[in-house]
Each structure stands twice: as structure tokens, then as C-alpha cells.
1. Being touching a residue at least 40 places away in the same chain (Cβ under 8 Å) and within 11 Å of another protein chain (Cβ to nearest Cβ), is that true of even one residue in the range B:106-119?
2. If you check B:ARG130 against the conditions, is it out of contact with any strand residue (DSSP E or B) (no Cβ under 7 Å at 6 or more places or on another chain) and under 19 Å from B:PHE160 (Cβ atoms)?
3. Might you check whether a residue that is acidic (Asp, Glu), within 13 Å of chain A (Cβ to nearest Cβ), buried (at least 16 other Cβ atoms within 10 Å of the Cβ) and under 28 Å from B:ILE61 (Cβ atoms) occurs anywhere in the range B:85-92?
4. Out of the strands (runs of 3 or more DSSP E) lying entirely within the range B:176-265, which hold 2 or more residues that are of a type in the set (S, T, N, Q)?
5. Sort out which residues of the range A:86-107 are in contact (Cβ under 8 Å) with a residue 12 or more places away in the chain and closer than 18 Å to A:VAL139 by Cα, and write them in order of number.
6. For the range B:141-172, which positions are part of a loop (DSSP other than H, G, I, E, B), closer than 17 Å to B:MET85 by Cβ and of a type in the set (Asp, Glu)?
Amino acid sequence: MATTRAARGNDRSSSGLRSAVHAAWPPLAVFVVALIAWEVGVRALKVPAGLIPAPSRVVNTLANQRSLFLENLGTTLSEIVLGFVLGFAAGILIAVLVVYSPPIRRAIYPLVIVTQTIPIVALAPLLVIILGFGIASKVVIVALGVFFPLALNGIAGLRSADREHINLLRSFSASRVQIFRMVEVPAATPYLMTGVQIGLVYSVTGAVVAEWPGAESGIGILMVTQYALSRTDIVLGAVVIVTVMAMLMFSLPRLVRRRLVPWEEAP
Amino acid sequence: MLEARSQGMLRVEDVSKSFDAGRLVALENVLLEARPKEFVSLVGPSGCGKSTLFNIIAGLIEPDTGHVSLGGADITGTTGHVGYMLQRDLLLPWRTVLDNVVVGLDVQGVPRSTSYPKARDLLARFGLARFEKSYPSALSGGMRQRCALIRTILYDAPVFLLDEPFSALDAQTRLLMQEWLLDVWDSLGKTVVYITHDVDEAVFLSDRVYAMSARPGRLIASVNVDLHRPRDYSARLEPRFLELKTQLVEIIRSEAEKSMAAELI
């Protein structure tokens, strides 16, 4: 019994891998062709490296300047992690308060909606003035951006709990906390996963852009300073790093989702 | 909590309930009794307040007047005295079959080392042993309702309240589930209050059938079902079965006609 299930599981994941490869190769082929065209074009037309660097040059720079990239990447990653944790905690807290306290709902929910309309990135220069060149202003920008999708999805998720599931637990004399833990939180989990996914992708762009008005180090400020020096190869190298980070941030929750929401993929 | 559960007479006394600031009267002076280990059914047209009465007995809502007692103790507006099963199975999608059937015991803080063996016994008895690790979405409607029934059995309340539990199932599965339910009831000795709009089902299952009027819901008749026990499929073929069924259908029909006539005026 156990072995057949395991076998079936393997089957599914290997066919999943096969279909993933099947889906991935056409865009990958287009991407590679575009890179080759770029490389050949830049070499044939002798475009100055400061204007458009060849892909090979960007790869070379990424390899040669490893320590420069890694150092700055470390700063940006700390901004992302700290900002995400803060925004996540605040988002969940507000969601719980809004759902379970009617006075707080009336007072805060409209403000939560309004915070979405604030162009958070536009606050970056102001925050650098207030909080300085360190990572604090960037952490705040990331946290604000993560807060909103988490709060909204948290509210929608907690409210999505089935009234009759709650009544069933009430008929067992369940306490408010038990109903929260056994019905409302699991019902909210898929929503929260979506919020996390949106928040993580935002946090990469948020951190990079938040560094632009001024920072001590980080991938974003590296872009700005190297741009001023016409080191477009380093700028593009930074872009590659940011893109890879964003892609990882997007796929990470999808991998965890199967573990956290196993009932979703039940056949 | 468990020790406070008395195995006594369930009494619904003079219960009335209205909604919408009195504009919608759901129940009017409802009197109902179920002796210990008795199987009682409530039949009536849709919208007669059956489910409101059900929620009042379960303690989920409070009546405007009247009270509910069990073994002489007032249980009006208090929960935990009845096992509760609806047309919807209400299995939690994020719990496996095994974890779903023990949810009532989880709430009471019964350790899994105690609840799992009991649950596995029942799952085996109901042909669900192979599915204990499955999520509800992988089960058929009949299997899901069996899980809901096992969940109700495991909670082990003295009274089972069943609100049209099999009405969403296909005819064959429904007949099977009815016989299963009688088996369970016979072996556990629980008081059952069963809500249905299916007169056939009510007569087949019950010791006594209460008929309810259309809104506002009132009890208009109580019919004793004197068919022998234990019953199986053949009970439906007895002349006495048909007599009782006809008697009830006529009561309910005349009541429905009255309310339709009232609506037309």
C-alpha cells in the first residue's frame, strides 16, 4: 500500500518534471537565440561596450566582480528579509484585528485601503532623509509593500471560512480560539500563500528601487553608481541578479505551497 | 463535559422563534419529545422552520420563548449535548478522513492515541479503512456522508440530530445509508431526531413521526410507527408501512393545500 502510493507519487512528480521541461524549452530557445543575435550584433557593428555590452561581457563581469556583486547582494537580501518579516507580521496582525474587532474594522479598514494608493516608492527619498543611508529606510519600503497584499489576503482568507463549518465546531462546544485554529486559519492559508507570493516578488523590486535615492551598499545603489560611470556591464549584471532573485521569490512559495496546502492537489 | 451528558428524555417545550424583528415567524409553540433511545422524525414542507428548530435543539441559536431540556436539565442555548449532521457533510477540506472523523474529540482535548484507534475501527466497519489518509475531495458523496456519520458517532453525544443527512445522495446509496444508520442506532442506543421531507424515509426509520405545518412551523400530528424492529428493506413492502405513509401524506397534503390557499387569498 505504502509502496504503491510512493510509486504513484514518483510517477506524478517525474511526469510533472517532463511536462515542465516540455513547457520550458520553447521560451528558452527563443531566449538563447536572442542572446546569440545580441552577441553577434554587438560584435559585427562594433558597438562601444559602454553603450551596449555583449552578453559574454556581462557574464565575464559577473564572474570577475563576484565579490562586488555578492557584497551588495548581501545588503539587499537583508533588506528584503527584514522588510518581508516586518510587513508579514504587520499584515497578519491587522488582518486579525480587522476581522475580529468591529470597532477596529470601522476605524482601520478604510485606511488599509488608502495605504495601497500611496506610491510607496515615491516615499523613498523622504525616508532616506528621515532614516539615513543605512538599510532602515529600505526595510520600511519593503515592509509597506509586503504589508498590503498580506493584510488584504489575510482578511479575505479569514472571512472565507464556511459559516456551517464554524457552526459544526460550535456544536462541539469549541472555544473561539479552537474555531480560529481549526477552521479559520486553515481556510485562510491558500489566501495567505497568494499574499506571500505577491509580497515576495514586490520585496525584490521594492528593496532595489528604495536604494536609488541613496544607500551605503546594495544592488540598487550599485546600479546607480555604475550607471554614472558608464559601466553598463555591471548595471546589466545587477539586472540579471535582480531578475534571478525575483524569479526565485516567485517560485519559492509555489514549492512550499504543496507542503502547506496539500489538500489543494488531492486528486 | 462528557460526564454531564445525561441519557434522558429530550423535551422541546413551547418553543417559538421569529426573525426579522418578529416579521418572520419561523416556529410557534413547538412541543416535541423524544424518549431515550427513541428514533423520532420530523417531516414537513420546505420552509417550515425544521432547521431553525434543529439549531435551537443543538444550542446554536436561542429561542424567543420556551426551552429545551435533556434528562430534566435545561440545555436551552448550550452546545455539546447533541451530535449534529446535515445534508452537507461539512468535512474540513484540510483534514484527512481520519483527522476529520476525530474533530469533535480533538475539540474536547481527547488525545489522538485514544481517538485514532476508535476512529480506525469505525472506518473499517464502514468500508473506509483504505481512505483514512485521503482528503475529502477524493471521496464520493456517499463516502463523505459515511465519514460525517462516523464523526457524529465518535463525538458520542446522547442525542443525534440529523437534518436531511442523505437527501443529496442518489437513491441506491440513500437506501444503503438508511439501513446503516438503523444498524448504528440499534447498536449505540442513542436518541435520534431526524429531519426530512421524505415521508417514506421517515416511516422506514422512525418509532414516531411528527408532522409540521408550513410557516409558521407548528407540530400538527404525531404518528406512532408500529412496524417491527429490526427493519430492513422488506419493511417497505408491508401493508402497514403503506397505511402509515398514506396517513402522513394526507396530513401533510391538506396542510400544504391550506397554506397555498392562504397565499392565494
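Where a number appears in this text, it was derived from the coordinates with a stated rule and is not lab data. Not measured: the values here are computed from a predicted model. Here Cβ is always computed from backbone atoms with ideal geometry, including for glycine, and neighbour counts include all displayed protein chains.
1. Among the residues of the range B:106-119, at least one is touching a residue at least 40 places away in the same chain (Cβ under 8 Å) and within 11 Å of another protein chain (Cβ to nearest Cβ), which makes the answer yes.
2. No; evaluated as a whole, the condition is false for this residue.
3. Looking for residues that are acidic (Asp, Glu), within 13 Å of chain A (Cβ to nearest Cβ), buried (at least 16 other Cβ atoms within 10 Å of the Cβ) and under 28 Å from B:ILE61 (Cβ atoms), one finds at least one in the range B:85-92, hence yes.
4. Per the criteria, B:191-196, B:219-224.
5. Of everything in the range A:86-107, those that are in contact (Cβ under 8 Å) with a residue 12 or more places away in the chain and closer than 18 Å to A:VAL139 by Cα turn out to be A:LEU86, A:GLY87, A:PHE88, A:ALA90, A:GLY91, A:ILE92.
6. B:ASP156, B:GLU164
For (1) within 23 Å of A:VAL114 (Cβ to Cβ); (2) of a type in the set (Ser, Thr, Tyr); (3) over 29 Å from the mean Cα position of the chain (by Cα), each residue gets a yes or a no:
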{"position": "A:PHE147", "(1), (2), (3)": "yes, no, no"}
{"position": "A:ALA151", "(1), (2), (3)": "yes, no, no"}
{"position": "A:ARG159", "(1), (2), (3)": "yes, no, no"}
{"position": "A:LEU169", "(1), (2), (3)": "no, no, yes"}
{"position": "A:PHE172", "(1), (2), (3)": "no, no, yes"}
{"position": "A:THR189", "(1), (2), (3)": "no, yes, no"}
{"position": "A:LEU200", "(1), (2), (3)": "no, no, no"}
